[in-house]
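Below you'll find the structure, written out as structure tokens, and then a few comments.
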Amino acid sequence: MFMLMIFAEDSDCLMTEHYFTINAKPGEVPYASALAIAAGGYSPELSIRLSDDIKPGLTINGYVISNDITIARIISQSIGVEDFTGRTCFERSKIDEVLTLCERVIDGFLSSEEVMFGVQLSEFGTIFKRRITIADIALWSLIARNPSLQKSFCGLFNVVLEDCRFLKAHMMVGKFVDKTIKPQIREKQKDEGKFVDLPGAEKGKVVVRFPPEASGYLHIGHAKAALLNQYYQQEFEGELIMRFDDTNPAKENSHFEKVIQEDLALLNVIPHRWTHTSDYFDVMLEMCEKLLREGKAYVDDTDMETMRKEREDRIASKNRCLSTDMNLSLWEEMKKGSERGKQCCVRIKIDFESNNGALRDPTIYRCKPEEHVRTGIKYKVYPTYDFACPIVDSLEGVTHALRTTEYHDRDDQYYFICDALGLRKPYIWSYSRLNMTNTVMSKRKLTWFVNEGLVEGWDDPRLPTVRGVIRRGMTVEGLRQFIIAQGGSRSVVMMEWDKIWSFNKKVIDPIAPRYTALESIAIVPVYISTPIVVEEVQVPLHPKNADIGNKRIWHSSKLLLEQADALEIKSGDTVTFVNWGNIKIISVERSQDVVTQIHAVLDLADQDFRKTMKVTWIAETGSSVASCIPVIAAQYDHIISKAVVGKDEDWQNFINYKSVQFIRMLGEPALRNVRKGDIIQIQRKGFYICDHEYQEKSMYSGVESPLLLIYIPDGHVKDNTKLKQKSDSEPKAEHQSTANCTSLPTQDALTDVCKLYEEIYAQGEVVRLEKAKNAKSEESMAAIAKLLELKKQYKEKAGIEYKAGQPPINNSSLSSQDVSSEITVLNEKIKAQGELVRIEKAKNPKSEASITAIAKLLELKKQYKEVSGREYKPV
């Protein structure tokens, strides 16, 4: 594989963070890609290899991408300049939309004219005023091949031509060079800067390692580390070591070792060796003793607070000059785990006056007479991670130690320990830690969510754990491409989730089969008066990928539509029913603001689909084989409502308690074939992953289990706004909890208003039932009148309007903010647990998971009653 570096064009752009394998045939240089490279300050000539003997495209980890616009998109995202990729969510969304359209032109599904005349440009010719983005580059590459469009869009055409940054790109392509404004001549600088160069790396000789602590589940940050190590191991045909860092017996857990092995299997990361730091405990004991004998380390019994203060003030410990005999004597006490030994630690002598705090005689051994999961009670002393890491790296033959930039201050310490012990020094290569918005990555905080029951478990789709994101529909390939696109960047930034999901979409879009499901609320029947024989028809599961196969649909004289689509239809319209053809609308019947039924005739002879409304539908045949199935779609939102929680802010104030929504749908018959883990697209709704398969009615319960789908975000901004949520800047439970409760002055008033509150709730149910039968009936009108009267009485006695979900609270006993906050939290927990109960019962009502979920729900309701003084009532 040809390893290509993107070189800086001048000394102002020296970087080491962007590297690709881009191949092209002479005379077929990818124009958009060349322009994107030039926009980032890099040299297209040195970044694109021209040859007749290679397959054109961008190669990333063995995966070849040939679409010029897609390559340009990846380059721009890797360079990461906001002016070029979008400053805001709106800009990024708009740019993504334009790039997708341009990609479809390259793939042959749209014409350049369709895209250009459909895009709105500013008066400056570009999408956004006075700025060229990657979307403008993509559009420009389309009109560069079309003289007619160059005239129609001369503003965009000229603004790119007049930008001297792109001269090298035009020269390489061999077009428009004479029209490009030449930059001022200056002394040519040496081309430098490359994506990642592992010094001393040789094919077949690179050894890397991934060393997590076996004390929890892997999250997406760990996934970046694992996949980066795997990437370099594969690029250099080397070796990957998976090492469990078990230097802390209190945290090490064999259960989590199995968990991590399973998580790595989910990521398709297969190491060549599995090792433990504890495999080298005997060797490290000898090395520590060697340092003590040589006077390079000392035993220190200074208490923790004093030691911390001395290190801050750069004061040498009183024990720094202990004799060798005294050090060895105390060392023996430590190894025995005696009371005297437990007061001591071993520190290595480096430089207690150093500006780098990591060099101020760091601790290398501690006395911990605790049982170790692998070695039992054999050892009473354990090395620190900082001491063990360089030793084990060297002994295991690691050539390149990949670490996040947060360890940068410890690099000198790492090398000092190697030198002090006469060990071979691996090369340390740093990369940025992966930080994601609207979530928590801390093991402690993630554990809190699980223990509090605010999530379903460690695989909850809202969590950033490997299991969580994969359950939500993230593919390993999508995650891998996202990580590789980050490259070796050392810039510490907060990444938005839309970036990672947009990579995932590109992986699943070409292979996800398409199905139809309709939201169950007020489904509208469409009656076709044209004589139709009920028939089964085979249609493609994917409009562009025949390899995905076909599915069965049915034609009949009665079709079902969603209410939202029906509201857009008018008499006389021609509507395209996807996978069938055009249908002429005769009449649309409505009741108030709801469409009740539609009458139409077939018009299949009309093949003009360009300006028609497109709808998805399901036929109603009366046949059990062709019957619809119930579908529940889970829509998850961010677990933290604020993108970035400040250091001085309490993260629990920004917990999004309403982070899941369940939508009931009616699914087409073919959805019976969807299996757990399958990723599909519900047409015109988005991508989903199957969390639980549909099951026919059980012979024991007589209840069918619905198909449970989880919505997969696709990187668009709309994903984050589908669920209603409070402002990012407003804390949730603690500061707003009192707004969820109505405060009353006396116990008598409380009794009356509580009674009214319950009567209003009950009357509301009556109104809903009567309106479902006949919204205009006398019974409905009478029920509504009574409901309004009850609400009027409530306002008179409570002093405020009735609000569903905000029950009154007695001031005398429950007026404190803490209590009201607790009620709010309990209310949200009960709602979430109720949804979990429904899901588990749908799978198996007699399972242990169902019984456990029900028991927890009852316990939460009991707590609610104890705190509020009344039974929990769902809203």
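Take the conditions (1) farther than 29 Å from T437 by Cα; (2) surrounded by 22 or more Cβ atoms within 10 Å (Cβ to Cβ); T59 misses just one of them, which is (2). One residue stands out in the range 472-497 among those that are surrounded by fewer than 21 Cβ atoms within 10 Å (Cβ to Cβ) and of a type in the set (D, E, K, R): the one that is modelled with the lowest pLDDT, namely R490. Can you confirm whether D547 is surrounded by fewer than 19 Cβ atoms within 10 Å (Cβ to Cβ), within 30 Å of R73 (Cβ to Cβ) and not assigned by TED's automatic domain parsing to the domain that holds K614? The answer is no for D547.
Kindly establish whether S623 is out of contact with any strand residue (DSSP E or B) (no Cβ under 7 Å at 6 or more places or on another chain), small (G, A, S) and within 30 Å of L463 (Cβ to Cβ).
Working: out of contact with any strand residue (DSSP E or B) (no Cβ under 7 Å at 6 or more places or on another chain): yes; small (G, A, S): yes; within 30 Å of L463 (Cβ to Cβ): no.
So S623 does not fit the description; no.
Restricted to the range 291-303, and to residues that are part of a helix (DSSP H, G or I) and touching a strand residue (DSSP E or B) at 6+ places or on another chain (Cβ under 9 Å), which residue is nearest to D386 (Cα to Cα)? Of everything passing the filter in the range 291-303, L291 is nearest to D386 (Cα to Cα).
Within the bounds of the range 304-326, is there any residue that is in contact with a Ser or Thr (Cβ under 8 Å, 6 or more places away or on another chain), more than 21 Å from Q413 (Cα to Cα) and assigned to a loop (DSSP other than H, G, I, E, B)? Yes, because at least one residue in the range 304-326 is in contact with a Ser or Thr (Cβ under 8 Å, 6 or more places away or on another chain), more than 21 Å from Q413 (Cα to Cα) and assigned to a loop (DSSP other than H, G, I, E, B). Within the range 114-148, the set of residues being part of a helix (DSSP H, G or I) and exposed (fewer than 15 other Cβ atoms within 10 Å of the Cβ) comprises E114, P147, S148. Might you check whether a residue that is surrounded by 20 or more Cβ atoms within 10 Å (Cβ to Cβ), of a type in the set (G, A, S) and in the same structural domain as N319 (by TED's automatic domain parsing) occurs anywhere in the range 284-297? Scanning the range 284-297, I find at least one residue that is surrounded by 20 or more Cβ atoms within 10 Å (Cβ to Cβ), of a type in the set (G, A, S) and in the same structural domain as N319 (by TED's automatic domain parsing), so the answer is yes. From the list L826, L814, which residue is farther than 30 Å from P461 by Cβ and modelled with pLDDT under 80? So the residue among L826, L814 that is farther than 30 Å from P461 by Cβ and modelled with pLDDT under 80 is L814.
For every residue, the table says whether it meets (1) β-branched (V, I, T); (2) in contact (Cβ under 8 Å) with a residue 40 or more places away in the chain.
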| site | (1), (2) |
| --- | --- |
| R293 | no, no |
| M307 | no, no |
| C321 | no, no |
| L328 | no, no |
| E332 | no, no |
| K336 | no, yes |
| G357 | no, yes |
| I377 | yes, no |
| Y382 | no, yes |
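Considering only residues in the range 550-593 that are small (G, A, S) and within 25 Å of D608 (Cβ to Cβ), the one that is surrounded by the most Cβ atoms within 10 Å (Cβ to Cβ) turns out to be A566. Test V625 against the criterion of being assigned by TED's automatic domain parsing to the domain that holds E704 and modelled with pLDDT under 90, and give yes or no. Considered against the rule, which asks whether it is assigned by TED's automatic domain parsing to the domain that holds E704 and modelled with pLDDT under 90, V625 comes out as yes.
The values are calculated or read from the model by the stated rules, or taken from the named source; none is laboratory data. Everything quoted here is computed from the prediction, not taken from an experiment. When we count neighbours, we look across all protein chains shown, and the Cβ atoms used for this are built from the backbone with ideal geometry, even at glycine.
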